[in-house]
Amino acid sequence: MSIILNNFPLWAALLSIGIAQFIKIPLHFLATKTWQWPLMFSTGGMPSSHSSAVTALSTAVGIREGFDSSSFAISAIIGIVVMFDAAGVRRHAGMHAEVLNRLVDEFNHLLEGMRTFKIKPKEEKAKKLKELLGHQPIEVFMGGWLGILIAIVMYYSFYTI
(Lines give C-alpha, C1' and ligand atoms only; values in the text may rest on other atoms or scores of the structure.)
Protein backbone atom coordinates (compact mmCIF):
# COMPACT_ATOMS: atom_id res chain seq x y z
CA MET A 1 0.00 0.00 0.00
CA SER A 2 2.83 2.43 0.76
CA ILE A 3 4.11 1.92 -2.80
CA ILE A 4 1.00 3.49 -4.30
CA LEU A 5 1.22 6.39 -1.85
CA ASN A 6 4.67 7.17 -3.25
CA ASN A 7 3.50 7.20 -6.87
CA PHE A 8 4.19 10.86 -7.57
CA PRO A 9 2.84 10.88 -11.19
CA LEU A 10 -0.42 9.25 -10.11
CA TRP A 11 -1.05 11.69 -7.26
CA ALA A 12 -0.01 14.72 -9.33
CA ALA A 13 -2.56 13.78 -12.00
CA LEU A 14 -5.36 13.03 -9.51
CA LEU A 15 -4.75 16.20 -7.50
CA SER A 16 -4.66 18.17 -10.72
CA ILE A 17 -8.08 16.81 -11.74
CA GLY A 18 -9.55 17.71 -8.34
CA ILE A 19 -8.14 21.23 -8.31
CA ALA A 20 -9.17 21.94 -11.91
CA GLN A 21 -12.71 20.71 -11.25
CA PHE A 22 -12.97 22.77 -8.05
CA ILE A 23 -11.68 25.94 -9.74
CA LYS A 24 -14.64 25.79 -12.15
CA ILE A 25 -17.05 26.63 -9.32
CA PRO A 26 -15.64 30.02 -8.22
CA LEU A 27 -14.89 30.98 -11.84
CA HIS A 28 -18.52 30.30 -12.74
CA PHE A 29 -19.61 32.32 -9.71
CA LEU A 30 -17.48 35.29 -10.81
CA ALA A 31 -19.08 35.16 -14.27
CA THR A 32 -22.73 34.55 -13.29
CA LYS A 33 -23.02 35.35 -9.56
CA THR A 34 -24.55 31.89 -8.98
CA TRP A 35 -22.98 28.91 -7.26
CA GLN A 36 -23.13 25.75 -9.37
CA TRP A 37 -21.72 22.93 -7.21
CA PRO A 38 -22.53 20.23 -9.82
CA LEU A 39 -19.72 21.72 -11.93
CA MET A 40 -17.37 19.79 -9.65
CA PHE A 41 -18.42 16.62 -11.48
CA SER A 42 -19.17 17.91 -14.98
CA THR A 43 -17.27 18.01 -18.24
CA GLY A 44 -16.21 21.12 -20.11
CA GLY A 45 -15.53 24.57 -18.74
CA MET A 46 -12.52 26.49 -17.50
CA PRO A 47 -9.98 25.05 -16.88
CA SER A 48 -9.87 21.69 -18.62
CA SER A 49 -9.32 19.02 -15.98
CA HIS A 50 -8.41 16.52 -18.72
CA SER A 51 -5.61 18.78 -19.89
CA SER A 52 -4.56 19.47 -16.34
CA ALA A 53 -4.36 15.75 -15.56
CA VAL A 54 -2.32 14.74 -18.59
CA THR A 55 0.16 17.61 -18.28
CA ALA A 56 0.59 16.94 -14.55
CA LEU A 57 1.16 13.26 -15.35
CA SER A 58 3.69 14.00 -18.10
CA THR A 59 5.51 16.59 -16.00
CA ALA A 60 5.71 14.23 -13.02
CA VAL A 61 6.91 11.34 -15.20
CA GLY A 62 9.51 13.65 -16.74
CA ILE A 63 10.73 14.80 -13.32
CA ARG A 64 10.79 11.28 -11.91
CA GLU A 65 12.12 9.26 -14.86
CA GLY A 66 13.68 11.91 -17.08
CA PHE A 67 12.35 13.91 -19.98
CA ASP A 68 14.30 11.63 -22.33
CA SER A 69 12.60 8.45 -21.06
CA SER A 70 10.17 6.28 -23.00
CA SER A 71 7.64 6.72 -20.20
CA PHE A 72 7.67 10.48 -20.67
CA ALA A 73 7.29 10.09 -24.44
CA ILE A 74 4.27 7.81 -23.97
CA SER A 75 2.58 10.11 -21.47
CA ALA A 76 3.31 13.21 -23.55
CA ILE A 77 1.85 11.72 -26.75
CA ILE A 78 -1.24 10.46 -24.93
CA GLY A 79 -1.56 13.90 -23.34
CA ILE A 80 -1.41 15.63 -26.72
CA VAL A 81 -4.12 13.32 -28.06
CA VAL A 82 -6.35 13.97 -25.02
CA MET A 83 -5.89 17.73 -25.27
CA PHE A 84 -6.54 17.73 -29.02
CA ASP A 85 -9.67 15.65 -28.45
CA ALA A 86 -10.91 17.98 -25.70
CA ALA A 87 -10.60 21.05 -27.93
CA GLY A 88 -11.67 19.31 -31.13
CA VAL A 89 -13.91 16.27 -31.23
CA ARG A 90 -15.58 16.75 -27.83
CA ARG A 91 -16.07 20.48 -28.44
CA HIS A 92 -17.76 19.80 -31.77
CA ALA A 93 -19.93 17.09 -30.21
CA GLY A 94 -21.14 19.74 -27.76
CA MET A 95 -21.90 22.10 -30.63
CA HIS A 96 -23.89 19.33 -32.33
CA ALA A 97 -25.81 18.73 -29.12
CA GLU A 98 -26.70 22.42 -28.99
CA VAL A 99 -28.09 22.32 -32.55
CA LEU A 100 -30.01 19.10 -31.88
CA ASN A 101 -31.51 20.55 -28.69
CA ARG A 102 -32.65 23.60 -30.65
CA LEU A 103 -34.27 21.35 -33.29
CA VAL A 104 -36.08 19.37 -30.59
CA ASP A 105 -37.35 22.61 -29.02
CA GLU A 106 -38.62 23.82 -32.40
CA PHE A 107 -40.27 20.46 -33.06
CA ASN A 108 -41.98 20.58 -29.66
CA HIS A 109 -43.14 24.13 -30.44
CA LEU A 110 -44.58 22.86 -33.74
CA LEU A 111 -46.42 20.10 -31.87
CA GLU A 112 -47.93 22.68 -29.52
CA GLY A 113 -49.19 24.62 -32.55
CA MET A 114 -50.70 21.49 -34.08
CA ARG A 115 -52.85 20.86 -31.00
CA THR A 116 -55.55 23.06 -32.54
CA PHE A 117 -55.83 20.69 -35.52
CA LYS A 118 -58.12 17.68 -35.46
CA ILE A 119 -55.26 15.21 -35.89
CA LYS A 120 -53.10 15.19 -32.84
CA PRO A 121 -49.59 13.84 -33.31
CA LYS A 122 -48.06 11.47 -30.81
CA GLU A 123 -46.14 13.64 -28.40
CA GLU A 124 -42.59 12.65 -27.69
CA LYS A 125 -40.38 14.55 -25.35
CA ALA A 126 -36.70 14.09 -26.02
CA LYS A 127 -34.20 14.37 -23.24
CA LYS A 128 -31.89 17.33 -23.74
CA LEU A 129 -28.37 16.44 -24.75
CA LYS A 130 -25.44 17.71 -22.70
CA GLU A 131 -23.97 20.65 -24.58
CA LEU A 132 -20.90 21.39 -22.47
CA LEU A 133 -18.70 18.47 -23.49
CA GLY A 134 -15.47 19.89 -24.82
CA HIS A 135 -13.32 22.94 -24.32
CA GLN A 136 -12.37 26.18 -25.97
CA PRO A 137 -8.63 26.22 -26.80
CA ILE A 138 -7.97 28.69 -23.94
CA GLU A 139 -9.58 26.26 -21.45
CA VAL A 140 -7.28 23.47 -22.69
CA PHE A 141 -4.27 25.80 -22.55
CA MET A 142 -5.01 26.96 -18.99
CA GLY A 143 -5.70 23.40 -17.84
CA GLY A 144 -2.36 22.34 -19.29
CA TRP A 145 -0.45 25.05 -17.44
CA LEU A 146 -2.33 24.27 -14.24
CA GLY A 147 -1.23 20.62 -14.46
CA ILE A 148 2.41 21.53 -15.01
CA LEU A 149 2.32 23.97 -12.08
CA ILE A 150 0.68 21.43 -9.74
CA ALA A 151 3.25 18.72 -10.58
CA ILE A 152 6.17 21.09 -9.99
CA VAL A 153 4.75 22.44 -6.71
CA MET A 154 3.97 18.90 -5.50
CA TYR A 155 7.46 17.68 -6.34
CA TYR A 156 9.24 20.49 -4.52
CA SER A 157 6.78 20.36 -1.59
CA PHE A 158 6.61 16.63 -0.93
CA TYR A 159 9.15 14.63 -2.90
CA THR A 160 12.45 16.49 -2.47
CA ILE A 161 12.68 15.93 1.28
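The values are calculated or read from the model by the stated rules, or taken from the named source; none is laboratory data. This is a predicted model, so every value here is computed, not measured. Counting neighbours? That spans all protein chains shown, and the Cβs are built from the backbone with ideal geometry, glycine included. These accessible areas exclude ligands, DNA and RNA; they are computed on the full protein's heavy atoms, side chains included. Shrake-Rupley method; radii C 1.70, N 1.55, O 1.52, S 1.80 Å.
Before I look further, what does the stretch 20-86 give for accessible area per residue, probe 1.4 Å, in whole square angstrom?
On the way: 3630 Å² over 67 residues.
In whole numbers, the stretch 20-86 has 54 Å² accessible per residue.
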When ranked by the protection proxy of mean other Cβ atoms within 10 Å per residue, highest first, what sequence do the peptides 142-151, 104-113, 7-16 form? 142-151, 7-16, 104-113
Computed ³J(HN,Hα) along the stretch 103-109: with the Karplus parameters 6.51/-1.76/1.60, θ = phi - 60°, integer Hz and x for glycine or proline, the list is 4, 5, 4, 5, 5, 4, 5
If packing is taken as the mean number of other Cβ atoms within 10 Å per residue, what is the order of 60-66, 39-45, highest first? 60-66, 39-45
So, with a 1.4 angstrom probe, what is the percent of accessible area on the stretch 1-69 that is carbon and sulfur? 74
